[in-house]
Amino acid sequence: MAKKTEKIRPAAVVLTANRLGDGRVVWYGADEQWVEHIADAKIFFGAEGDDALARAKDWERREIVVGTYAVSVEAESVAVLPTTTRERIRSLGPTVRPDLAVSPATQMSP
């Protein structure tokens, strides 16, 4: 008999999207607003991430952001660090325009 596989939910996630007005990567903040720095993103654990994603999708319907999804993060350290290289690059800013990059110092939580 085949074993049923379940999708493993990451322990901690943040939500991300791109703002339609300027294309900038944004993160879902604690006050349910979009913020420009991952350090200001609210971290969700377990099923609360699914609920928050559903609320964040409302911003897509209002055409404020596009492409909303959850990003697995390491939340144990001082900084919020995405677990994949792609999302680490997105959190720091474009690689082709270093002048637009987010300074790693701004990624640190207070």
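Since every read-out is calculated from the coordinates, none of them should be taken as a lab result. Keep in mind the model is a prediction, meaning the values are calculated, not measured.
Below, the figures for the structure above:
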quantity: Mean separation of Cα contacts under 8 Å (6+ apart) over length of the stretch 12-104, as relative contact order %; calculated: 28
quantity: From phi via Karplus (6.51, -1.76, 1.60), per-residue ³J(HN,Hα) for the stretch 20-35 in Hz, x at Gly/Pro; calculated: 5, x, 9, x, 5, 5, 10, 10, 7, x, 4, 8, 6, 10, 8, 10
quantity: Estimated D of the stretch 12-104 in µm² per second, where Rh is the Kirkwood radius over Cα pairs and Stokes-Einstein applies at 20 °C, 1.002 mPa s; calculated: 161
